[in-house]
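K.L.:
Just passing along the structure, written as C-alpha coordinates.
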Amino acid sequence: MMQVQKQSRVEVGVDATVPQVWEVVSDVTRVGEWSHECHGARWLDDAAGPAPGVRFRGHNQAGWVHWGRTCQIVDVDAPRRLVWQTVSTPLFPDITRWRIQLEETSDGRTLITQSFTVLRAPWLLDRIYARLVPNHRDRDARLTEDLVRVGAVARRGGQP
(Lines give C-alpha, C1' and ligand atoms only; values in the text may rest on other atoms or scores of the structure.)
Protein backbone atom coordinates (compact mmCIF):
# COMPACT_ATOMS: atom_id res chain seq x y z
CA MET A 1 0.00 0.00 0.00
CA MET A 2 1.35 3.43 -0.95
CA GLN A 3 2.35 5.81 1.83
CA VAL A 4 4.28 9.03 2.08
CA GLN A 5 7.81 8.95 3.43
CA LYS A 6 7.67 9.52 7.20
CA GLN A 7 11.21 10.70 7.83
CA SER A 8 14.36 11.68 6.06
CA ARG A 9 17.81 13.06 6.71
CA VAL A 10 19.99 14.33 3.88
CA GLU A 11 23.22 16.31 3.94
CA VAL A 12 25.37 18.17 1.46
CA GLY A 13 28.67 20.02 1.78
CA VAL A 14 28.60 23.40 0.01
CA ASP A 15 31.20 26.02 -0.91
CA ALA A 16 29.70 28.80 1.21
CA THR A 17 30.18 29.95 4.79
CA VAL A 18 27.73 29.18 7.59
CA PRO A 19 26.60 32.85 7.74
CA GLN A 20 26.01 32.89 3.96
CA VAL A 21 23.91 29.72 4.11
CA TRP A 22 22.05 30.93 7.21
CA GLU A 23 21.07 34.12 5.38
CA VAL A 24 19.34 31.99 2.75
CA VAL A 25 17.68 29.26 4.84
CA SER A 26 16.51 31.48 7.71
CA ASP A 27 14.55 33.85 5.43
CA VAL A 28 11.43 31.96 4.37
CA THR A 29 10.72 34.57 1.70
CA ARG A 30 13.74 33.16 -0.19
CA VAL A 31 12.62 29.52 -0.23
CA GLY A 32 11.46 29.80 -3.84
CA GLU A 33 15.09 30.37 -4.86
CA TRP A 34 16.10 26.86 -3.89
CA SER A 35 13.18 24.52 -3.09
CA HIS A 36 11.89 22.06 -5.66
CA GLU A 37 8.41 22.22 -4.13
CA CYS A 38 7.88 25.34 -2.03
CA HIS A 39 7.68 28.18 -4.54
CA GLY A 40 7.23 30.99 -2.06
CA ALA A 41 6.52 31.88 1.54
CA ARG A 42 5.71 34.92 3.62
CA TRP A 43 6.01 35.77 7.28
CA LEU A 44 2.70 36.10 9.15
CA ASP A 45 1.57 38.40 11.96
CA ASP A 46 4.11 41.15 11.13
CA ALA A 47 7.07 38.83 11.75
CA ALA A 48 10.30 39.68 9.93
CA GLY A 49 12.46 36.69 10.79
CA PRO A 50 12.66 33.39 12.61
CA ALA A 51 11.98 33.10 16.34
CA PRO A 52 10.15 30.44 18.36
CA GLY A 53 6.41 30.82 17.87
CA VAL A 54 6.67 32.89 14.68
CA ARG A 55 4.50 31.68 11.82
CA PHE A 56 4.83 31.75 8.05
CA ARG A 57 2.80 30.47 5.12
CA GLY A 58 4.35 28.51 2.27
CA HIS A 59 2.93 27.90 -1.21
CA ASN A 60 3.76 24.54 -2.75
CA GLN A 61 3.39 22.70 -6.01
CA ALA A 62 4.18 19.12 -6.96
CA GLY A 63 3.07 18.25 -10.48
CA TRP A 64 -0.48 19.51 -10.93
CA VAL A 65 -1.21 19.68 -7.19
CA HIS A 66 -0.99 23.11 -5.48
CA TRP A 67 -1.41 23.77 -1.76
CA GLY A 68 -0.47 26.18 0.99
CA ARG A 69 0.54 25.44 4.56
CA THR A 70 0.98 27.55 7.64
CA CYS A 71 4.07 26.64 9.62
CA GLN A 72 5.41 27.66 13.01
CA ILE A 73 9.02 28.08 14.07
CA VAL A 74 9.78 25.66 16.92
CA ASP A 75 13.47 26.36 17.60
CA VAL A 76 16.19 28.71 16.39
CA ASP A 77 19.88 28.66 17.20
CA ALA A 78 21.26 31.23 14.76
CA PRO A 79 23.26 30.62 12.65
CA ARG A 80 23.28 26.87 13.23
CA ARG A 81 19.77 25.44 13.52
CA LEU A 82 16.24 26.22 12.33
CA VAL A 83 13.29 23.98 13.22
CA TRP A 84 9.67 24.46 12.14
CA GLN A 85 6.56 22.38 11.73
CA THR A 86 3.35 22.48 9.78
CA VAL A 87 0.29 23.66 11.68
CA SER A 88 -2.57 21.19 11.81
CA THR A 89 -5.89 22.36 10.35
CA PRO A 90 -9.19 20.59 9.60
CA LEU A 91 -8.20 20.33 5.91
CA PHE A 92 -4.56 19.36 6.64
CA PRO A 93 -4.56 17.57 10.02
CA ASP A 94 -1.08 16.14 9.52
CA ILE A 95 2.01 17.61 11.23
CA THR A 96 5.56 17.42 9.90
CA ARG A 97 8.60 18.81 11.70
CA TRP A 98 11.49 20.10 9.58
CA ARG A 99 15.05 20.86 10.68
CA ILE A 100 17.99 22.53 8.96
CA GLN A 101 21.34 22.24 10.72
CA LEU A 102 24.52 24.02 9.58
CA GLU A 103 28.05 23.01 10.54
CA GLU A 104 31.34 24.52 9.46
CA THR A 105 33.73 21.93 8.07
CA SER A 106 37.51 21.94 8.59
CA ASP A 107 38.05 23.37 5.10
CA GLY A 108 35.69 26.35 5.63
CA ARG A 109 32.74 24.87 3.77
CA THR A 110 29.31 24.30 5.28
CA LEU A 111 27.69 20.94 5.87
CA ILE A 112 23.93 21.41 5.53
CA THR A 113 21.74 18.72 7.06
CA GLN A 114 18.01 18.80 6.40
CA SER A 115 15.64 16.38 8.04
CA PHE A 116 11.94 15.89 8.53
CA THR A 117 9.72 13.68 10.62
CA VAL A 118 6.00 13.22 10.15
CA LEU A 119 4.62 13.59 13.67
CA ARG A 120 1.00 12.97 12.75
CA ALA A 121 -0.53 11.56 9.58
CA PRO A 122 -4.07 10.23 9.63
CA TRP A 123 -4.16 6.85 7.90
CA LEU A 124 -6.56 7.73 5.09
CA LEU A 125 -4.99 11.12 4.43
CA ASP A 126 -1.56 9.49 4.20
CA ARG A 127 -2.82 7.23 1.39
CA ILE A 128 -4.50 10.14 -0.40
CA TYR A 129 -1.32 12.24 -0.23
CA ALA A 130 0.72 9.31 -1.55
CA ARG A 131 -1.54 9.08 -4.61
CA LEU A 132 -1.91 12.82 -5.26
CA VAL A 133 1.76 13.69 -4.65
CA PRO A 134 3.81 10.63 -5.66
CA ASN A 135 7.04 12.59 -5.07
CA HIS A 136 6.30 12.37 -1.33
CA ARG A 137 6.77 8.59 -1.33
CA ASP A 138 10.55 9.07 -1.53
CA ARG A 139 11.86 12.60 -1.10
CA ASP A 140 15.57 12.10 -0.44
CA ALA A 141 16.96 12.84 -3.92
CA ARG A 142 14.91 16.01 -4.36
CA LEU A 143 15.77 17.28 -0.89
CA THR A 144 19.46 16.65 -1.59
CA GLU A 145 19.18 18.65 -4.82
CA ASP A 146 17.53 21.46 -2.82
CA LEU A 147 20.57 21.67 -0.54
CA VAL A 148 22.90 21.88 -3.53
CA ARG A 149 20.80 24.84 -4.73
CA VAL A 150 20.96 26.44 -1.25
CA GLY A 151 24.75 26.36 -1.57
CA ALA A 152 24.66 27.97 -5.01
CA VAL A 153 22.30 30.71 -3.82
CA ALA A 154 24.41 31.31 -0.72
CA ARG A 155 27.63 31.59 -2.77
CA ARG A 156 26.22 34.31 -4.97
CA GLY A 157 24.86 36.22 -1.96
CA GLY A 158 22.15 38.76 -2.72
CA GLN A 159 22.61 38.45 -6.48
CA PRO A 160 19.61 37.02 -8.41
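K.L.:
When the accessible area of the chain is computed with all protein chains present and a 1.4 Å probe, what percentage of it is carbon and sulfur? Before the final figure, lay out each step's value.
P.N.:
On the way: 4360 of 8410 Å².
The nonpolar share, carbon plus sulfur, comes to 52 percent.
K.L.:
About its Cα centre, how strong a charge dipole does segment 69-118 have in debye, to the nearest 20, once Lys and Arg get +1 and Asp and Glu get -1 at the Cβ? The partial results should precede the final answer.
P.N.:
Numbers: 6 positive and 6 negative charges, 31 e Å.
With only Lys, Arg, Asp and Glu charged at Cβ, the dipole is about 140 debye.
K.L.:
Let me ask something else. Suppose all protein chains stay in the model; what accessible area per residue would a 1.4 Å probe give for the chain, in Å²?
P.N.:
Working: 8410 Å² over 160 residues.
With the other protein chains kept in place, the chain gives 53 Å² per residue.
K.L.:
Tabulate in residue order the Karplus-calculated ³J(HN,Hα) for segment 56-71, using 6.51 cos²θ - 1.76 cosθ + 1.60 with θ = phi - 60°, rounded to whole Hz; enter x for Gly and Pro.
P.N.:
8, 10, x, 10, 10, 8, 9, x, 8, 8, 10, 7, x, 9, 8, 10
K.L.:
Amide H neighbours of LEU119 under 5 Å, counting only residues 5+ apart in sequence or on other chains, H built in-plane at 1.01 Å?
P.N.:
ILE95, THR96, ARG97
K.L.:
Residue by residue through segment 23-35, what is 3J(HN,Hα) from phi via Karplus (6.51 cos²θ - 1.76 cosθ + 1.60, θ = phi - 60°)? Round to whole Hz and write x for glycine and proline.
P.N.:
4, 7, 6, 8, 9, 4, 5, 9, 4, x, 6, 9, 7
K.L.:
Same structure, new question: So who's got an amide H within less than 5 Å of the one on ALA16, skipping anything under 5 residues away but keeping other chains? H placed 1.01 Å off N, in plane.
P.N.:
THR110
K.L.:
Which net charge results when you count Lys and Arg as +1 and Asp and Glu as -1 among the other residues whose beta-carbon is under 14 Å from that of LYS6? Let's see the in-between values first.
P.N.:
On the way: positive: ARG9, ARG97, ARG120, ARG127, ARG137, ARG139; negative: ASP94, ASP126, ASP138, ASP140.
Every neighbour counted, the sum reads +2.
K.L.:
Within segment 30-84, report the chymotrypsin sites (Phe, Trp or Tyr not before Pro) that DSSP leaves as loop and that have at most 16 other Cβ atoms within 10 Å. Spell out each step's value before the answer.
P.N.:
On the way: sites: TRP34, TRP43, PHE56, TRP64, TRP67, TRP84; in loops: TRP34, TRP64.
Sparse-neighbourhood loop chymotrypsin sites (Phe, Trp or Tyr not before Pro): TRP64.
K.L.:
Using the Karplus curve 6.51 cos²θ - 1.76 cosθ + 1.60 with θ = phi - 60°, work out ³J(HN,Hα) for each residue of segment 143-154 in order, rounded to whole Hz, and write x for Gly and Pro.
P.N.:
5, 5, 4, 4, 5, 4, 5, 4, x, 5, 5, 4
K.L.:
A further question follows. How big is the chain by Rg and Dmax over its Cα atoms, in Å?
P.N.:
Taking only Cα atoms of the chain, I get Rg and Dmax of 15.4, 48 Å.
K.L.:
Further, regarding this structure: Given H placed 1.01 Å from N in the peptide plane, which residues other than close sequence neighbours of HIS39 have an amide H under 5 Å from its amide H?
P.N.:
Amide H neighbours of HIS39, under 5 Å, 5+ apart: HIS59, ASN60, GLN61.
K.L.:
A follow-up question, please. Regarding segment 94-150, what are the three Cα extents along the principal axes, ordered largest first, in Å?
P.N.:
47, 19, 12
The values are calculated or read from the model by the stated rules, or taken from the named source; none is laboratory data. What you see is a predicted model; the values in this text were computed from it and never measured. Cβ atoms come from the backbone with ideal geometry, glycine included; neighbour counts cover every protein chain shown. With ligands, DNA and RNA removed, areas are computed over all heavy atoms of the protein, side chains included. Shrake-Rupley method; radii C 1.70, N 1.55, O 1.52, S 1.80 Å.
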